[in-house]
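Enquirer: Pasting a structure below so you can have a look.
Taken together, the values in this text are just the output of simple stated rules run on the coordinates, not laboratory data. Bear in mind the structure is a predicted one, so any value in this text is a computation, not a measurement. Counting neighbours? That spans all protein chains shown, and the Cβs are built from the backbone with ideal geometry, glycine included.
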Amino acid sequence: MKKYIAEATGTAVLVLMGCGTAMLVGCDAENGAGYLLTALAFGLSIVAEAYCIGNISGCHINPAVSLAVYLKGGIDAKTFLGYAISQIIGAFIGTIILAVIFTAGGVEDMTGGFGANGLAGVNGSIAAGLVVEIVLTFIFVLTILGVTSEKAGHGSFGGLVIGLTLTFVHIFGIGLTGTSVNPARSIAPAVFAAVNGNVEPVISLWVFIVGPLVGAALAAYLYKALEADK
């Protein structure tokens, strides 16, 4: 149970700090400072949580990462399901906190939808959005699998590398899809955006579930094949 609580907590922090920063400063391509601050907020959240709960649950805080670890043989199906449910619950907790802060404080949401993902940056193209999310998740998850491999020997620097990689993929992807690479991070903000009258994130939500899961699966199978040759 402790590992599930850890995953929920870590995902709540990721959504709170990452999406919260996007809501405060905006994350469109024309606002460079907000763009970079949002990318850093997501990346630094991973760094913080990796050193906080990494020794408890592995700090997946992302169903796509948990899927890759499952496919690679690192966890069983029951644990994967428990992690995914915990992560989604954590994402909702983080979004609820944001809703309270922004509603009670009368703060303007610069994203217009709780930092939810969308296809505006690719002119509404589902195909382009899927490619972006598959490729970015592939890069992110492949890095995680490499850094956390027993053969890698990165030691205490693993969390930093993973966090910087998440920042790296956000810098490229924010202007295109808002960068999901994490179904849990996308689901909760989309639901809250819809409750507040913005249904667009919900309409395209499946892209930010399917894309990351496909990218994670490809990364898992490739890394498993490459590692087997050693």
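Enquirer: In the range 95-114, what residues are of a type in the set (D, E, K, R) and either in contact with a strand residue (DSSP E or B) (Cβ under 9 Å, 6 or more places away or on another chain) or touching a residue at least 24 places away in the same chain (Cβ under 8 Å) (or both)? Explain how you work it out, then say what you get.
Expert: Taking the range 95-114 and keeping what is of a type in the set (D, E, K, R), we get 108-109.
Scanning the range 95-114 gives a single hit, Asp109.
Enquirer: Could I ask something else about it? If I go through the range 187-230 residue by residue, how many of them are surrounded by 14 or more Cβ atoms within 10 Å (Cβ to Cβ), among the basic types (Lys, Arg) and either touching a strand residue (DSSP E or B) at 6+ places or on another chain (Cβ under 8 Å) or over 14 Å from Ala68 (Cα atoms) (or both)?
Expert: Going through the range 187-230 one residue at a time, the tally reaches 0.
Enquirer: Continuing with the same structure: For the subset of the range 1-21 comprising residues that are farther than 21 Å from Ala190 by Cβ and either among the β-branched types (Val, Ile, Thr) or in contact (Cβ under 8 Å) with a residue 40 or more places away in the chain (or both), which member is surrounded by the most Cβ atoms within 10 Å (Cβ to Cβ)?
Expert: It comes out as Ala6.
Enquirer: Does any residue in the range 172-183 that is at positive phi come within less than 6 Å, Cβ to Cβ, of a residue that is polar (S, T, N, Q) six or more places away or on a different chain, and which pairs are these?
Expert: Between residues of the range 172-183 that are at positive phi and residues that are polar (S, T, N, Q), the close pairs are Gly178/Asn117; Val181/Thr137.
Enquirer: For the range 160-185, what are the residues that are part of a helix (DSSP H, G or I) and within 13 Å of Leu14 (Cβ to Cβ)?
Expert: Initially, the range 160-185 is screened for residues part of a helix (DSSP H, G or I), giving 160-177, 183-185.
Across the range 160-185, the qualifying residues are Ile162, Gly163, Leu166, Thr167, His170, Pro183, Ala184, Arg185.
Enquirer: Can you name the helices (runs of 4 or more DSSP H) wholly within the range 22-116 that have at least 3 residues being touching a Lys or Arg at 6+ places or on another chain (Cβ under 9 Å) and either at positive phi or surrounded by 17 or more Cβ atoms within 10 Å (Cβ to Cβ) (or both)? Please lay out each step first, then the result.
Expert: Numbers: elements: 32-57, 63-71, 77-104.
It comes to 32-57, 77-104.
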